[in-house]
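The values are calculated or read from the model by the stated rules, or taken from the named source; none is laboratory data. Bear in mind that the values here come from a model prediction, so they are computed numbers and not experimental data. Cβ coordinates were reconstructed from backbone atoms using ideal geometry, including for glycine residues, and neighbour counts include every protein chain displayed.
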Amino acid sequence: MSQRCYCLTAHHQPLELKTGPVPEPKGREVLVRMTGAGVCHSDIHIWEGYYDLGGGKKISLKDRGIQLPITLGHEIAGEVVKAGPDAKGAKIGASVVVYPWIGCGECASCRSGEENICIKARSLGVFTPGGYASYVIVPDAKYCIDIAGLDPAETAPLACSGVTTYSALKKLGPRLKDEPVVVMGAGGLGHMALKVLAAMGGKGAIIVDIDKGKREAALASGALKAIDGSAADAAQQIIAATAGGARMVLDLVGAASTVNLALAAATRGTEIVVVGLYGGEVTVSVPLFPLRPIAIRGSYVGTPADLQELVALAKSRKLEPVKVTRRPLDEANAALMDLKAGKVVGRVVLVP
Ligand SMILES: [Zn+2]
Ligand SMILES: [Zn+2]
């Protein structure tokens, strides 16, 4: 038994294989043997070293406290194989998905159960070693959520794309059950949003995307309607499809153009939840907030409770698994480069 991990040692350089002894869990930590590690688009941002804000502005990941070297991978499924001396509730042998958006445990966000928005985040695969490895140290057994009966590779993506769409859709509240949600973006997250919305008992989604192939794929996956976001009358089409204006918008693109389109198609009481990180800036007339009244809010991944609820939906078979392509851990670098090159359809999950 030894540890093999694929490590980002320099931005824009191939991931490096590092080998060594299997890490030993200390204190409350548990050791998880990786059984599935999803390759996510945000891994490419970490590999590149920045987020593009548009207009020539960038957020450097170094400024956000991300230090190299780092083992990527925040969508982790695994088997609990060992517990530290002070670990509580660790189930050795359990098949689990790991909640990766771990906070400091002490700030107001963490104390209210919103570790995902902790300002001293120590997310796995971002700030601390992640899942592109044979073994992962998890700081506490409470982050290991039992997935008995589920396929680990199919379940790993729930930790990021799954919980991100679930948490964002939850913010739209009970209207979901009776009215369609306008979903901007029919890529990987859009596909996940369709499945999660169905599992939540949602009325359905009107998909907006500029790519014809993606619109057709969304219709095949159960979208109620698909609208070309680049059409000159896109806002009018959304208003017609929602019988008077979009009351709920999930923006998985997060561009100035998509938020402006959402505002153009808005009606009284519209709620816009922005998840995507494409970039850009928008100008909003302030009186619209009280007069319409509209809300624009963001959503970032999800809480530990959100992931537990989502796993329960998967166990109840209400949530259909997403299609995944399995690749051996030793192809971690190739898998990441294929995703960057746009060659990946569906989700790639590394397996041991
Ligand atoms: Zn991710
Ligand atoms: Zn915190």
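Side notes on the structure shown:
- Any hit, the range 98-111, residues being more than 16 Å from ligand 2 (Cβ to nearest atom), in contact (Cβ under 8 Å) with a residue 12 or more places away in the chain and not acidic (D, E): yes
- Selection from the range 14-42 of residues that are farther than 18 Å from P152 by Cα and at pLDDT below 95: H41, S42
- Qualifying residue in the range 157-171 (condition: away from ligand 2 (no atom under 16 Å from the Cβ), without any contact (Cβ under 8 Å) to a residue 60 or more places away in the chain, closer than 30 Å to L261 by Cα and out of contact with any Pro (no Cβ under 7 Å at 6 or more places or on another chain)): no
- Strands (runs of 3 or more DSSP E) completely within the range 7-95 that count 2 or more residues being within 16 Å of ligand 2 (Cβ to nearest atom), under 19 Å from S134 (Cβ atoms) and of a type in the set (V, I, T): none
- Candidate set from the range 111-143 (those that are under 19 Å from the mean Cα position of the chain (by Cα) and assigned to a helix (DSSP H, G or I)); member that is nearest to T35 (Cα to Cα): Y143
- Filter result for the condition that a residue is buried (at least 21 other Cβ atoms within 10 Å of the Cβ), over 27 Å from P14 (Cβ atoms), within 16 Å of ligand 1 (Cβ to nearest atom) and modelled with pLDDT of 95 or more, over I102, I117: I102
- Selection count, the range 309-337, where residues are surrounded by 15 or more Cβ atoms within 10 Å (Cβ to Cβ) and either within 16 Å of ligand 1 (Cβ to nearest atom) or closer than 26 Å to V273 by Cα (or both): 13
- Residue match in the range 77-91 (condition: more than 16 Å from ligand 1 (Cβ to nearest atom), surrounded by fewer than 18 Cβ atoms within 10 Å (Cβ to Cβ) and free of Cβ contacts under 8 Å to residues at least 40 places away in the same chain): no
A quick yes/no check of all residues on (1) of a type in the set (D, E); (2) surrounded by fewer than 24 Cβ atoms within 10 Å (Cβ to Cβ); (3) within 16 Å of ligand 1 (Cβ to nearest atom):
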position: V138; (1), (2), (3): no, no, no
position: P174; (1), (2), (3): no, yes, no
position: L197; (1), (2), (3): no, no, no
position: R215; (1), (2), (3): no, yes, no
position: D228; (1), (2), (3): yes, yes, no
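Each row is one residue, and each column tells you yes or no for (1) within 22 Å of L339 (Cβ to Cβ); (2) in a loop (DSSP other than H, G, I, E, B); (3) hydrophobic (A, V, I, L, M, F, W, C).
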{"residue": "L189", "(1), (2), (3)": "yes, no, yes"}
{"residue": "K203", "(1), (2), (3)": "no, yes, no"}
{"residue": "L219", "(1), (2), (3)": "no, no, yes"}
{"residue": "A223", "(1), (2), (3)": "no, yes, yes"}
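- Filtered residues of the range 157-175 (kept if part of a helix (DSSP H, G or I) and of a type outside the set (S, T, Y)): P157, L158, A159, G162, V163, A168, L169, K170, G173, P174, R175
- Close pairs from the range 119-148: first aromatic (F, W, Y), partner within 16 Å of ligand 2 (Cβ to nearest atom) and at pLDDT 95 or above, Cβ under 8 Å, at least 6 apart: Y143/Y99; Y143/P100; Y143/I102; Y143/P304
- Matching residues in the range 102-160 - criterion: being aromatic (F, W, Y) and in contact with a Phe, Trp or Tyr (Cβ under 7 Å, 6 or more places away or on another chain): Y132, Y143
- There is at least one residue in the range 234-243 that is polar (S, T, N, Q), surrounded by fewer than 20 Cβ atoms within 10 Å (Cβ to Cβ) and outside any strand (DSSP E or B).
- Strands (runs of 3 or more DSSP E) wholly inside the range 244-345 that include at least 3 residues being more than 30 Å from G131 (Cβ to Cβ): 246-251, 266-274
- Members of the range 264-287 that are over 30 Å from I46 (Cα atoms), surrounded by fewer than 21 Cβ atoms within 10 Å (Cβ to Cβ) and in contact (Cβ under 8 Å) with a residue 12 or more places away in the chain: A264, T267, R268, G269, V284
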